[in-house]
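Worksheet: the structure to be examined is printed underneath.
The values are calculated or read from the model by the stated rules, or taken from the named source; none is laboratory data. Every value quoted in this text rests on a predicted model; they were computed, and no experiment measured them. All Cβ positions, even for glycine, are placed from backbone atoms using ideal geometry, and neighbour counts span all protein chains on display.
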Amino acid sequence: MRVKRLGASITLGALLMLLAVACQSIAAPSEQAATEEGEGEQFTEVELIKGPVSPDGLQAIFATPDLGIGEQRIAVVLTSQKGLVRSPIATLTSYHYPDGATEGEMRDSAVALFRPFPLGTRGLYAAQMDFDTHGDWGLEIAVLDEDANTLWADLRFEVPEQTEAPANGAPATASNSKTLATHSIEQLTTGSLQDTDLYQISIADAVQSGMPTVIVMASPAFCTNAVCGPQVDVLSELKDKYKGQANFIHIDFFDNPDEIQGDLTRARVSSTVLEWNLPSTEWSFVVKSDGIIHQRFEGFAPIEELEDALLEVLG
């Protein structure tokens, strides 16, 4: 059994700030601005966890830190000195560390396919894994290089008893989210892609419509970190393929997109984001026709994952 090492963790806000400087982009709202819309509620992001650089030169970035007991979607980004690791398949093995243990007890394993983001700029490995108890956990990731040598990377993270964001099997929060009936498109999205079909129905009406619903909560113009991708573009593509069979809704992470272009200090976090208690800045949910969450996706969800979850609820 390989001995796990505690991975380094940095706040998501700190990473966003570093990337913002590099990309000449603004990455996070001020604390004051983020709390105004929430009537005193403070939005505090969970930490983005990075594993140590392994002896093989790999480093893992954890895309799904909001975990809880039970079956969960796990996603990781792998990097090396050469850049993004794109091996077609990764093997993920989880270990639980009882109190004070220096070696983990193997719990679960899964095979994850590499899923490139649109335009090929990034990509991740994702799989479903089971966590049977809360506490200290580790993840071992194995991939093959071009010479069929096995390379390794490790992560350590905590699994609480419950997730922060709504869990699979929970009722979708019936938020009275904004639509084009009362707002302009510029007031509804920060993105350059302005697909009006994504702003026709509120979440409250969608979960009572008797149809499945796919919801994306993200701010397209301020997606800059290593686990964030063009999720609204994916939602629009999925909508075009399954239009009329489900509701498709985009909620911008920020409440006032028309006021913050180029000046994120004016940003207010969306009241819908606060109602859903989202601990990080990009989420997708597939909701069944009865209003129950079937699958949730933290960070970027490739179209293959979203489509598979949607087909499961379409029957």
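Considering 198, 235, 264, which residue is of a type in the set (A, V, I, L, M) and at pLDDT below 95? Don't jump to the end; show me each part of the working.
Values: 198 fails: at pLDDT below 95; 235 fails: at pLDDT below 95.
Testing whether each residue is of a type in the set (A, V, I, L, M) and at pLDDT below 95 leaves just 264.
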Count - residues of segment 184-209 that are without any contact (Cβ under 8 Å) to a residue 40 or more places away in the chain, closer than 20 Å to residue 260 by Cα and hydrophobic (A, V, I, L, M, F, W, C): 1
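Can you name the strands (runs of 3 or more DSSP E) wholly within segment 48-165 that have at least 3 residues being among the hydroxyl-bearing types (Ser, Thr, Tyr) and modelled with pLDDT of 95 or more?
Details: elements: 59-62, 70-80, 89-97, 105-116, 123-131, 135-144, 150-159.
Ranges flagged: 89-97.
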If the Cβ limit is 8 Å and pairs must be 6+ apart or interchain, which residue in segment 85-97 that is farther than 22 Å from residue 157 by Cα pairs with which residue that is buried (at least 17 other Cβ atoms within 10 Å of the Cβ) and among the aromatic types (Phe, Trp, Tyr)? 86/114; 87/114; 88/114; 89/114
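Evaluate the following for residue 284: is it within 17 Å of residue 168 (Cβ to Cβ) and in contact with a Leu (Cβ under 8 Å, 6 or more places away or on another chain)? Steps first, answer last, please.
Details: within 17 Å of residue 168 (Cβ to Cβ): yes; in contact with a Leu (Cβ under 8 Å, 6 or more places away or on another chain): yes.
It is true that residue 284 is within 17 Å of residue 168 (Cβ to Cβ) and in contact with a Leu (Cβ under 8 Å, 6 or more places away or on another chain).
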What pairs come out if I take residues in segment 210-221 that are without any contact (Cβ under 8 Å) to a residue 40 or more places away in the chain and pair them with residues that are polar (S, T, N, Q) whose C-beta lies under 9 Å away, six or more apart or interchain? 220/189; 220/190; 220/192; 220/231
Consider segment 252-274. How many of its residues are assigned to a helix (DSSP H, G or I), under 17 Å from the mean Cα position of the chain (by Cα) and not aliphatic (A, V, I, L, M)? 1
Determine the pairs where a residue that is of a type in the set (Gly, Ala, Ser), located within segment 232-260, has a partner that is in a strand (DSSP E or B) with Cβ atoms under 8 Å apart, the partner being 6 or more residues away or on another chain. 236/248; 246/213; 246/214
Count, please, the residues in segment 154-172 that happen to be within 22 Å of residue 295 (Cβ to Cβ), surrounded by 19 or more Cβ atoms within 10 Å (Cβ to Cβ) and touching an Asp or Glu at 6+ places or on another chain (Cβ under 7 Å). 2
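Check whether at least one residue in segment 289-302 is aliphatic (A, V, I, L, M), in the same structural domain as residue 193 (by TED's automatic domain parsing) and within 16 Å of the chain's Cα centre (by Cα), and report yes or no. It would help to see each step written out before you state the result.
Residues of segment 289-302 aliphatic (A, V, I, L, M): 292-293, 301.
This time we only want the ones that are in the same structural domain as residue 193 (by TED's automatic domain parsing), so: 292-293, 301.
Narrowing the set further to residues that are within 16 Å of the chain's Cα centre (by Cα) leaves 293, 301.
Among the residues of segment 289-302, at least one is aliphatic (A, V, I, L, M), in the same structural domain as residue 193 (by TED's automatic domain parsing) and within 16 Å of the chain's Cα centre (by Cα), which makes the answer yes.
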What about residue 197, is it in a helix (DSSP H, G or I), over 25 Å from residue 116 (Cβ atoms) and not small (Gly, Ala, Ser)? yes
Across segment 210-241, which residue is farthest from residue 260 (Cα to Cα) among those that are in a loop (DSSP other than H, G, I, E, B) and either touching a Lys or Arg at 6+ places or on another chain (Cβ under 9 Å) or of a type in the set (A, V, I, L, M) (or both)? 211
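Each row is one residue, and each column tells you yes or no for (1) under 30 Å from residue 220 (Cβ atoms); (2) outside the structural domain of residue 61 (by TED's automatic domain parsing); (3) surrounded by 18 or more Cβ atoms within 10 Å (Cβ to Cβ).
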{"residue": "100", "(1), (2), (3)": "no, no, no"}
{"residue": "115", "(1), (2), (3)": "yes, no, yes"}
{"residue": "126", "(1), (2), (3)": "yes, no, yes"}
{"residue": "129", "(1), (2), (3)": "yes, no, yes"}
{"residue": "132", "(1), (2), (3)": "no, no, no"}
{"residue": "145", "(1), (2), (3)": "no, no, no"}
{"residue": "152", "(1), (2), (3)": "no, no, no"}
{"residue": "193", "(1), (2), (3)": "yes, yes, no"}
{"residue": "197", "(1), (2), (3)": "yes, yes, no"}
Condition (residue is more than 16 Å from the chain's Cα centre (by Cα), surrounded by 20 or more Cβ atoms within 10 Å (Cβ to Cβ), over 21 Å from residue 306 (Cβ atoms) and polar (S, T, N, Q)) applied to segment 59-73: is it met by at least one residue? yes
